[in-house]
Amino acid sequence: MVDPARALPGHETPTFAVPTTHAVLGTPLQPPFPKGMETAYLALGCFWGAERSFWELPGVYTTASGYQGGYTPNPTYEEVCTGRTGHAETVMVVFDPARVSYEEILRHYFEAHDPTQGMRQGADTGTQYRSVIFTTSPAQKRIAEELRDTYTAALNEQGYGPVTTEIAPAGPFYYAEGYHQQYLHKNPDGYCELEGTGVSCPIGLGVPAVSGGADTEEALPASEEEWRQRLAPDQYAVLRQAATEPPFTGKYVDVDDDGVYRCAACGNELFDSETKFYSTCGWPSFTQALPGAVEYREDRSHGMVRTEVRCARCHSHLGHVFDDGPREAGGQRYCMNSIALNLVER
């Protein structure tokens, strides 16, 4: 890092204009934002690919590329690239916490890049490409520290070195030039060096859980090792490692019994049997989840872009949701793994 005394002096005011509207989402790029929104500031390498990965997440209101964590006020891109501003290329993520949690935002953050690379990300080298979480509250700081420690353990199991992600209080966020905003939307074939490790980031460990469907008294495991001990190997593979059971093998594919389907990992109520239908896909399918019972994340595995469904209480993997369900019931098909569910009959 540059010594503060050697940092570039910067500018009293911005030297360029910033767009007012998000080119993809159509929402404001600058505050004020709607009441109830929360903001995350995340540095994970080149902000071109990083910003795109967040504006695609359900529950995100707006995103912007900028500079943060350094000494130089109102820097330009050229100044940041000298390494003499102390800033990291950072993405501002404004999100609705009623739809996506800060914990889920950080899970996506850790999985989207390699947080063990220090002052670089892939071929991009320099302090501006370091991994940093800039927090805005004590709650954000606590969640970031706990999730970093959890992900460190998961990466260590796969042979990776220590996580180098910094966690620091958020200082001023300086918007980047207009051509950087939503860059990969404007330049679909543009440069993107961002690449994750392929290691899943477990969430729901040591952080207060949210029960979406109905309250359950069953305590959540305090570590991933405790999950391994609680669940059978095939359950663990699906629920905690996002594996998929083979089609037409699950016990609930053809079941029509009346009741409520609960999460097999934590007991949270997820689906009412009245919303179950036969879809010919080979997995139990539902037209909707119980209110607040599940959460969603973008899944780009296996060369596809899908919406993953997880339990809102323990954050375990359940399956995916698609837009090819019965039109008269809303058009959605929640395609779930039988092994992730327990049916409690009425």
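Conditions tested, residue by residue: (1) basic (Lys, Arg); (2) outside the structural domain of TYR77 (by TED's automatic domain parsing).
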| site | (1), (2) |
| --- | --- |
| GLY118 | no, no |
| ARG148 | yes, no |
| GLN158 | no, no |
| GLU193 | no, yes |
| GLY198 | no, yes |
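Residues considered: ARG313, ARG262, ARG228, ARG300. Of these, the only one that is more than 21 Å from PRO58 (Cα to Cα), in the same structural domain as ALA329 (by TED's automatic domain parsing) and out of contact with any strand residue (DSSP E or B) (no Cβ under 6 Å at 6 or more places or on another chain) is ARG228. Where strands (runs of 3 or more DSSP E) sit wholly within region 245-324, those with at least 2 residues that are farther than 23 Å from GLU111 by Cβ occupy 259-263, 269-272.
Listed here are the residues, each with its yes/no results for (1) modelled with pLDDT of 95 or more; (2) over 22 Å from the mean Cα position of the chain (by Cα).
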site	(1), (2)
SER273	yes, yes
ALA289	no, no
HIS315	no, no
GLU328	no, yes
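THR152 passes every criterion in (1) β-branched (Val, Ile, Thr); (2) outside any helix (DSSP H, G or I); (3) without any contact (Cβ under 8 Å) to a residue 40 or more places away in the chain apart from (2). For region 69-120, enumerate the residues that are among the aromatic types (Phe, Trp, Tyr), part of a helix (DSSP H, G or I) and buried (at least 22 other Cβ atoms within 10 Å of the Cβ). Selection gives TYR102, TYR109, PHE110.
Considering only residues that are surrounded by 14 or more Cβ atoms within 10 Å (Cβ to Cβ), touching a Leu at 6+ places or on another chain (Cβ under 8 Å) and over 23 Å from ALA222 (Cα atoms), which ones fall in region 171-200? Passing the criteria: TYR175, GLN181, CYS192, LEU194, THR197. Within region 242-256, the set of residues being loosely packed, with under 12 Cβ neighbours inside 10 Å and either of a type in the set (Gly, Ala, Ser) or in contact with a strand residue (DSSP E or B) (Cβ under 8 Å, 6 or more places away or on another chain) (or both) comprises just one member, ASP256.
All of VAL321, VAL305 fail the test of being at pLDDT below 95 and surrounded by fewer than 19 Cβ atoms within 10 Å (Cβ to Cβ), apart from VAL305. A single member of ALA123, ALA168 is among the aliphatic types (A, V, I, L, M), surrounded by fewer than 22 Cβ atoms within 10 Å (Cβ to Cβ) and at pLDDT 95 or above, and it is ALA168.
Evaluate the following for ALA23: is it modelled with pLDDT of 95 or more, outside any loop (DSSP other than H, G, I, E, B), small (Gly, Ala, Ser) and farther than 23 Å from GLY122 by Cβ? So ALA23 fails the test. The single condition among (1) without any contact (Cβ under 8 Å) to a residue 60 or more places away in the chain; (2) over 20 Å from VAL199 (Cα atoms); (3) not aromatic (Phe, Trp, Tyr) that VAL309 does not meet is (2). If the condition is being out of contact with any helix residue (DSSP H, G or I) (no Cβ under 7 Å at 6 or more places or on another chain), hydroxyl-bearing (Ser, Thr, Tyr) and either free of Cβ contacts under 8 Å to residues at least 24 places away in the same chain or more than 19 Å from GLY69 (Cβ to Cβ) (or both), then region 155-183 contributes TYR160, TYR179. Checking each residue in region 281-294 for being out of contact with any Leu (no Cβ under 9 Å at 6 or more places or on another chain) and under 19 Å from ILE339 (Cβ atoms) picks out CYS281, GLY282, TRP283, SER285. Summed over region 126-146, the residues that are surrounded by fewer than 22 Cβ atoms within 10 Å (Cβ to Cβ) and farther than 17 Å from GLY45 by Cα give a count of 9. The single condition among (1) without any contact (Cβ under 8 Å) to a residue 40 or more places away in the chain; (2) in contact with a helix residue (DSSP H, G or I) (Cβ under 8 Å, 6 or more places away or on another chain) that PHE16 does not meet is (1).
When we screen GLY45, GLY86, GLY10, GLY70 for residues that are touching a helix residue (DSSP H, G or I) at 6+ places or on another chain (Cβ under 9 Å) and either over 13 Å from TYR174 (Cβ atoms) or aromatic (Phe, Trp, Tyr) (or both), the only hit is GLY45.
The values are calculated or read from the model by the stated rules, or taken from the named source; none is laboratory data. Please read all numbers here as calculations on a predicted model, not as lab measurements. Quick reminder, even Gly has a Cβ in these numbers, built from the backbone with ideal geometry, and neighbours come from all protein chains shown.
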